[in-house]
Ligand code: FNR
């Protein structure tokens, strides 16, 4: 269909299910094992309901926010996903173009396992408009390689480092495994890629890595409040994430984890958005999902598959459309909620009682 006919983010997924080569579709869409977490990530958003405020002048709603001390037009960003070129040959370069082009920019987190080189993706940023880029790090058993990547990310002006901590070994994505896809015909695409990741990575290692850079460092893949607190006490920002349901299956959804993390951090005197960033990703497909996460204290919201799907279906134009649709949904629903600024949102706008009924 023509891109103008698309109405929601789900349309990109449907199109990809029809047009992508099997190896790309299985690699992108799969979750681990029974795919409980994959489904639950999105379903959890359906168990949080709004309590809108009425009789507020909402003629001019403002979707902007502050992330890492800088103004952004919207609170969402592209999360790191490996192998964007499996679905579209422009890969992460085309995603970079989509992030930059159009009426507003969004930050792009670049995966260690990108199809394109960091140099190419960073060049695309310079060419198309200079959105923020962040670097996602899988820590190599050979630490000097991890340090080299951090230095390269700094040289390419990435503005933050995200160390992925939920993947000491890769979850078993069975559709992908069954396809016995290249490059490793035995174990599917994921296993072939991930053999360098160090399963011995621990708190001392990430503290050491943090000391090697002056950039803000996030731990991506925090899934319990105790770890969130340890991370923040050690000067890290966090991404509450279960890797889009691709790692340990049957984990609590990131949204539910958020409702435990934010109150604990506040109790200990931290202020999300002021002295620590608390991002979330997994299952976000609607403007309302983003508003729910913000109301519950998230300071940035990541998109994984929606970007892979929009890029695979329509290239940079698809990514642009995806971000436009989400911003429109956010603005419209802010009016319906009775808030003019995202900073007005808080827990009073949502009812989370349904979350515990899985
Ligand atoms: C990912 N994700 C991921 N995370 C990461 O830190 N490094 C990576 O290389 C990848 N690669 C990757 C590939 C594919 C195909 C997917 C779907 C996901 C996880 C990603 O950053 C993010 O946490 C999830 O994708 C968020 O969930 P949604 O938005 O896909 O539901």
Please label the shape of the chain as rounded, prolate or oblate, based on the square roots a ≥ b ≥ c of the eigenvalues of the alpha-carbon gyration tensor (a/c under 1.5 means rounded; beyond that, a/b larger than b/c means prolate, else oblate).
rounded
Expected sort for 4, 126, 281 with the fewest Cβ neighbours (10 Å cutoff) up front is 4, 126, 281
Helical mean residue ellipticity (222 nm; -39500 (n - 2.57) per DSSP H run of 4+; nearest 500) of the chain:
-12000 deg cm²/dmol
Share (percent) of C-alpha pair distances in segment 90-180 greater than 17 Å works out to 54
Counting only DSSP beta bridges with both residues in the chain, tell me the antiparallel percent, nearest 5.
20
Using a Gaussian network model of the chain whose springs link C-alpha atoms within less than 10 Å, name the residue from 123, 70, 226 with the highest mean-square fluctuation.
70
Mean Cα-pair separation over length for the chain, i.e. relative contact order, pairs under 8 Å, 6 or more apart, %
28
Candidates 150, 240, 222: whichever shows maximal mean-square fluctuation once the chain is modelled as a Gaussian network with Cα springs under 10 Å:
150
How large is the translational diffusion coefficient of segment 256-309 in µm² per second when you combine the Kirkwood radius over alpha carbon pairs with Stokes-Einstein at 25 °C and 0.890 mPa s?
210
Going by average Cβ density within 10 Å per residue, which order do the peptides 203-214, 308-319, 19-30 take, highest to lowest?
308-319, 19-30, 203-214
Shape category assigned to segment 218-344 from the gyration tensor of Cα positions, a/c cut at 1.5
oblate
Residue with peak Gaussian network fluctuation, the chain [Cα springs, cutoff 10 Å], from 341, 159, 266
266
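We did not get these values from a lab; they are worked out from the coordinates using the rules stated. Everything numeric here is computed off the predicted structure, so don't read it as measured data. Please note: Cβ atoms are built from the backbone with ideal geometry, for glycine as well, and neighbour counts cover all protein chains shown.
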